[in-house]
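Worksheet: one structure, shown below.
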Amino acid sequence: MDKINILRHLAIIMDGNGRWAKIRGKVRTEGHKVGAETVRDITTYCAKQETIETLTLYAFSTENWKRPKMEVNFLMRLLDNYLRNELSTYMELDTRFETIGDLSPFSNSLKQTISETKELTKNNKSLVQVLALNYGSRDEIVRAANRVIAKDQELTEESLTASLDSSYGDIDLIVRTSGEQRLSNFLLWQLSYSEIFFTDTLWPDFTASELEEIIENFQQRNRKYGGI
Ligand code: FPP
């Protein structure tokens with residue numbers, strides 16, 4: 001049998017919450033609410049997979065601040081509630097919570113919930129769920145380069161990689177939902193050799209069984225890393 005690819009690090013651009021709501025005549029925030037349930041379902045699936053070590057989810061980009069204040073506030077509250085309500089799920093799934101991105105603009109109470117959740121889950125081993133929050137890849141790369149300069153190191157691929165927010169390694173597979181086919185400033189450095197999969201499914205409708213099919217497709221792909 002041919003060798004299959006091993007999926008260790010999966011990244012997802014969770015897109016289409018607003019459209020999901022609009023189709024149903026609901027307000028956009030209803031889509032985010034159901035989207036949070038999908039986050040739980042997909043995290044649960046990944047935690048149970050032997051090979052998957054890291055799941056990185058794009059939850060809030062540096063551009064998302066441009067949305068109406070009411071929607072931004074809703075997303076902040078939703079995240080806070082999610083972390084509080086799902087603590088038992090993180091523990092049951094033996095899943096560690098981490099973040100990438102610049103947390104400084106978030107409220108003190110949200111920052112506290114984030115740091116408490118990290119602390120309480122820090123010894124969990126089955127999966128690391130990384131939420132990208134106020135995250136932009138160019139911003140991350142520039143901040144990493146500045147860290148290298150501040151440490152007076154030579155700027156190399158290795159020194160820059162070591163100074164990124166994310167120490168979770170290269171991405172094996174990235175999935176974007178909702179039919180959009182772009183990377184939107186997400187993990188540009190870490191995606192260099194990633195397999196990419198776009199699905200038309202809107203994030204609130206995305207399921208573990210669809211993810212399983214995508215992973216089967218990934219496993220059969222021929223990853224060449226520039227070789228032949
Ligand atoms: C994209 O849909 C989604 C977001 C910008 C936010 C992602 C948030 C969630 C999945 C829910 C909460 C997350 C957690 C971790 C609890 P969109 O609003 O851009 O959809 P559209 O393109 O159809 O308008």
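The values are calculated or read from the model by the stated rules, or taken from the named source; none is laboratory data. Note that this is a predicted model, so its numbers are computed, not measured. Positions of Cβ are generated from backbone atoms using ideal geometry, with glycine treated the same way; all protein chains shown enter the neighbour counts. For the accessible areas, the whole protein counts, side chains as well, though only heavy atoms, and no ligand, DNA or RNA atoms are used. Shrake-Rupley method; radii C 1.70, N 1.55, O 1.52, S 1.80 Å.
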Going through the range 114-139 one residue at a time, which ones are open to solvent by less than 10 Å² (accessible area, probe 1.4 Å) and part of a helix (DSSP H, G or I)?
I114, T117, T121, S137
Within the range 155-181, count every residue that is surrounded by fewer than 20 Cβ atoms within 10 Å (Cβ to Cβ) and either closer than 17 Å to L7 by Cβ or within 16 Å of the ligand (Cβ to nearest atom) (or both).
5
Out of the range 1-36, which residues are polar (S, T, N, Q) and assigned to a helix (DSSP H, G or I)?
N17, T29
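Being at pLDDT 95 or above, within 23 Å of R40 (Cα to Cα) and not aromatic (F, W, Y) narrows it down to one residue among L120, L160, L155; which is it?
Only one candidate passes the filter, namely L120.
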For the range 95-113, how many residues meet the condition of being surrounded by fewer than 18 Cβ atoms within 10 Å (Cβ to Cβ) and acidic (D, E)?
1
Tell me, which residue of the range 37-65 that is charged (D, E, K, R), in a helix (DSSP H, G or I) and within 11 Å of the ligand (Cβ to nearest atom) is least open to solvent (accessible area, probe 1.4 Å)?
R40
Output the residues belonging to the range 183-223 that are out of contact with any Lys or Arg (no Cβ under 9 Å at 6 or more places or on another chain), closer than 30 Å to R24 by Cβ, open to solvent by 40 Å² or more (accessible area, probe 1.4 Å) and part of a loop (DSSP other than H, G, I, E, B).
D200, T207
Looking at D170, is it in contact (Cβ under 8 Å) with a residue 12 or more places away in the chain and in a loop (DSSP other than H, G, I, E, B)?
yes
Residue that is surrounded by the most Cβ atoms within 10 Å (Cβ to Cβ) [pool: residues in the range 7-27 that are more than 6 Å from the ligand (Cβ to nearest atom) and either over 21 Å from the mean Cα position of the chain (by Cα) or over 20 Å from D170 (Cβ atoms) (or both)]:
W20
For residues that are under 14 Å from D139 (Cβ atoms) and either among the aromatic types (F, W, Y) or touching a helix residue (DSSP H, G or I) at 6+ places or on another chain (Cβ under 7 Å) (or both), tally how many sit in the range 103-119.
1
For D152, are the conditions met, namely being over 20 Å from L79 (Cβ atoms) and in contact with a His (Cβ under 8 Å, 6 or more places away or on another chain)?
no
